[in-house]
Amino acid sequence: MSEEIFLMKGNEAIAHAAIRYGADGYFGYPITPQSEVMETLMDEAPWETTGMVVLQAESETSSINMVYGGAACGKAVMTSSSSPGMSLMQEGVSYLVGAELPCLLVNVMRGGPGLGTIQPSQADYFQTVKGGGHGDYKLITLAPSSVQEMVDFVSLGFDLAFKYRTPAIILSDGVIGQMMEKVVFPPSRPRRTEEEIRKQCPWATLGRTPDRKANVITSLELDSSIMEENNNRFQAKFKKIEENETLFEEVNCEDADYIFVAFGSAARICQKAAELARKEGIKVGLIRPITLWPFPSAVIAKYAEKVKGFLSVEMNAGQMVEDVRLAVNGKTKVDHYGRLGGIVPTPNEVVVALKDKFGC
Amino acid sequence: MSNNIIDPANMIYTKPELMNDNQMHYCPGCSHGVVHKLIAEIIDEMGLREKTIAVAPVGCAVFAYNYIDVDWVEAAHGRAPAVATAVKRLNPDKLVFTYQGDGDLAAIGTAETIHAANRGENIATIFINNGIYGMTGGQMAPTTLEHMKTATCPNGRDIHLNGYPLKITDLLAQLPGVCLVTRQSVHTAAAVKKTKKMIRKAFENAMEGKGESIVEVVSTCNSGWKLSPAASNDWMVENMFPAYPLGDLKNI
């Protein structure tokens with residue numbers, strides 16, 4: 001299939017992108033506002049075409065452990081959920097990192113804490129970027145701000161996960177999941193054969209052949225000196241990812257006096273807010289982290305030398321702003337503007353907040 | 001004919017080829033070692049060495065992968081049936097089995113156990129029921145008998161406080177997705193032989209796509225029970241068997 005253009009929801013786009021990527025399996029549990037991912041997959045019935053397995057599990061706990069099982073076999077497997085479901089999955093995420101398994105996770109965030117609301121939010125930044133499960137780990141975190149990026153980040157997420165043998169997550173939100181936009185799909189790729197997987201993933205548990213020792217996928221090591229070595233290996237891998245895989249978008253920062261830092265749907269709002277501010281004569285730019293981890297600290301540090309202030313605009317009570325502050329390192333003013341509980345800010349209120357906080 | 005006892009021609013019993021030489025961590029007298037040996041023998045006899053993907057639990061058998069020389073996936077506590085579900089669905093031509101204890105299968109993993117069985121996953125489950133948490137030092141398990149003393153019920157299991165011993169395999173036998181549920185033991189040569197036959201049947205069912213098979217092995221934990229291996233066997237016969245009677249609960 002060649003390149004094709006469609007109009008669809010972000011959640012639907014994730015499903016189609018997974019099939020076209022040649023994903024081997026999806027395991028999930030319904031939760032608003034991301035249920036269209038599994039609904040679309042069930043409707044598309046890829047097991048009849050590409051052979052992709054799609055299964056509704058009994059819980060998010062089970063979904064993430066199915067992902068663990070599939071990933072152990074070197075298969076390209078994924079799950080998606082929304083905030084409360086992601087909380088349930090955190091045990092499994094920690095095990096996936098500890099066992100060095102590649103997979104793709106998708107969180108279409110809603111407001112919390114607790115059952116919260118089904119409206120959009122970005123309040124799972126800490127959970128995702130700072131490690132929601134136990135142990136020292138990082139999660140490659142991709143933050144889409146359009147339906148097109150929902151498509152693009154499926155393949156990017158899988159590719160990075162396999163490159164580094166560690167999970168990647170698409171941290172989206174209810175706005176991006178539910179809104180419809182034009183999307184362009186890349187050509188379909190065939191699923192890898194077992195032979196190809198054995199070659200690409202010599203560690204995979206696909207049955208022990210006479211030419212190799214038995215493969216064991218585990219995160220357990222009772223000898224602390226070896227466990228420390230394992231952790232050092234993980235940290236070296238995380239460092240390599242930080243050095244090589246940071247992504248961000250920069251809009252009109254060159255002449256800016258103030259810079260918005262925002263990701264996902266908040267970045268879309270800030271793009272408009274920056275335009276409105278410039279019409280009022282305030283020179284505002286935007287830095288949009290695309291990878292939330294690794295965080296684009298270098299570009300923020302660069303502009304910290306010349307701008308009057310950064311405003312971190314988030315649909316939460318102030319989470320990413322901590323990483324902005326670390327990058328700025330006291331060189332200029334940093335503030336946060338956020339709406340909570342599922343409220344999406346308007347561009348106008350962001351401009352008002354900027355003027356308020358920086359007296360401009 | 002040589003009279004040399006180490007002449008291979010005179011050997012009547014050997015360690016299964018799939019059992020490696022790693023020193024076992026199991027306590028002397030524990031049932032795990034026997035069941036491991038049976039599994040290793042059966043995989044070889046069925047010619048499935050290259051087609052087996054085993055799923056290890058959390059519990060004493062967490063290190064099962066150190067002893068049986070096939071590919072293993074170590075699951076989080078209780079999640080082996082979910083892990084095995086994906087492994088089998090993504091590799092339908094492979095033998096996929098879980099090896100789980102009572103805490104793993106019947107407490108923390110109850111949801112995964114029941115739903116994998118109810119979906120009729122084409123996997124086999126070997127379920128070691130010794131009525132106690134061995135690995136963590138002998139605490140109460142869901143299958144601990146009434147009045148049985150453990151580290152967390154030092155005065156004996158009180159049903160008013162702790163509920164009843166959970167007969168999880170009786171529950172599983174009700175599910176249409178399950179084709180075989182049997183309760184066996186490995187305390188005598190005859191029992192070992194019978195258990196081997198049923199594990200083989202479970203593996204055959206999994207390969208033939210007949211649905212899920214569960215082989216419960218009522219087992220001893222002499223360390224946790226604080227009895228000698230021989231006394232543990234006697235205690236098991238007297239106390240465990242009346243609560244968990246041996247035999248097939250379902251075999252279709």
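How many of the residues making up segment B:91-104 are of a type outside the set (A, V, I, L, M, F, W, C), within 9 Å of chain A (Cβ to nearest Cβ) and not in a loop (DSSP other than H, G, I, E, B)?
Total meeting the criteria: 0.
Among the strands (runs of 3 or more DSSP E) lying completely within segment A:24-127, list those that include at least 3 residues that are within 14 Å of chain B (Cβ to nearest Cβ).
A:25-28, A:53-56, A:77-81
Which of (1) closer than 18 Å to A:Thr79 by Cα; (2) without any contact (Cβ under 8 Å) to a residue 12 or more places away in the chain; (3) of a type outside the set (Phe, Trp, Tyr) does A:Pro113 not meet, given it meets every other one?
Answer for A:Pro113: the failing condition is (1).
Does segment A:323-340 include one or more residues that are under 26 Å from A:Ile241 (Cβ atoms) and in contact (Cβ under 8 Å) with a residue 60 or more places away in the chain?
Scanning segment A:323-340 turns up at least one residue that is under 26 Å from A:Ile241 (Cβ atoms) and in contact (Cβ under 8 Å) with a residue 60 or more places away in the chain.
Considering A:Lys279, A:Lys237, which residue is surrounded by fewer than 23 Cβ atoms within 10 Å (Cβ to Cβ), at pLDDT 95 or above and over 30 Å from A:Phe162 (Cα atoms)?
Selected residue: A:Lys279, the only one of A:Lys279, A:Lys237 that is surrounded by fewer than 23 Cβ atoms within 10 Å (Cβ to Cβ), at pLDDT 95 or above and over 30 Å from A:Phe162 (Cα atoms).
With A:Ile343, A:Ile269, A:Ile287, A:Ile300 as the choices, which residue is outside the structural domain of A:Pro144 (by TED's automatic domain parsing), crowded, with 19+ Cβ neighbours inside 10 Å and either within 24 Å of A:Pro113 (Cβ to Cβ) or in contact with a Ser or Thr (Cβ under 8 Å, 6 or more places away or on another chain) (or both)?
Every option except A:Ile269 fails the conditions.
Does any residue of segment A:183-195 turn out to be in contact with a Phe, Trp or Tyr (Cβ under 8 Å, 6 or more places away or on another chain), in the same structural domain as A:Asn107 (by TED's automatic domain parsing), in contact (Cβ under 8 Å) with a residue 40 or more places away in the chain and not hydrophobic (A, V, I, L, M, F, W, C)?
Scanning segment A:183-195 turns up at least one residue that is in contact with a Phe, Trp or Tyr (Cβ under 8 Å, 6 or more places away or on another chain), in the same structural domain as A:Asn107 (by TED's automatic domain parsing), in contact (Cβ under 8 Å) with a residue 40 or more places away in the chain and not hydrophobic (A, V, I, L, M, F, W, C).
If the Cβ limit is 9 Å and pairs must be 6+ apart or interchain, which residue in segment B:211-230 that is more than 13 Å from B:Thr150 (Cα to Cα) pairs with which residue that is surrounded by fewer than 24 Cβ atoms within 10 Å (Cβ to Cβ) and acidic (Asp, Glu)?
So the pair list comes out as B:Ser213/B:Glu204.
Among A:Ser225, A:Ser155, which is the only one that is of a type in the set (S, T, N, Q), closer than 26 Å to A:Ile19 by Cα and either out of contact with any strand residue (DSSP E or B) (no Cβ under 8 Å at 6 or more places or on another chain) or surrounded by fewer than 18 Cβ atoms within 10 Å (Cβ to Cβ) (or both)?
None of the other options fit; the residue is A:Ser155.
Where residues in segment A:192-244 are within 12 Å of another protein chain (Cβ to nearest Cβ) and in a helix (DSSP H, G or I), which of them is farthest from B:Gly47 (Cα to Cα)?
This residue is A:Ile197.
Can you tell me which residue within segment B:45-90, out of those that are at the interface with chain A (Cβ under 8 Å from one of its Cβ atoms) and among the basic types (Lys, Arg), is nearest to B:Asn222 (Cα to Cα)?
Out of the qualifying residues, it is B:Arg79.
Considering only segment B:75-111, how many residues are in contact with a Gly (Cβ under 6 Å, 6 or more places away or on another chain) and of a type in the set (Asp, Glu)?
1
Select from segment A:172-201 the residues that are closer than 28 Å to B:Val87 by Cβ and surrounded by 11 or more Cβ atoms within 10 Å (Cβ to Cβ) and list them in ascending order.
A:Ser188, A:Arg189, A:Arg191, A:Arg192, A:Glu194, A:Glu196, A:Ile197, A:Arg198, A:Lys199, A:Gln200, A:Cys201
So is B:Glu112 part of a loop (DSSP other than H, G, I, E, B), buried (at least 24 other Cβ atoms within 10 Å of the Cβ) and within 11 Å of chain A (Cβ to nearest Cβ) or not?
The answer is no for B:Glu112.
The values are calculated or read from the model by the stated rules, or taken from the named source; none is laboratory data. All of these numbers come straight from a predicted model, not from anything done at the bench. Every residue, glycine among them, receives a Cβ derived from its backbone with ideal geometry; neighbour counts consider all protein chains shown.
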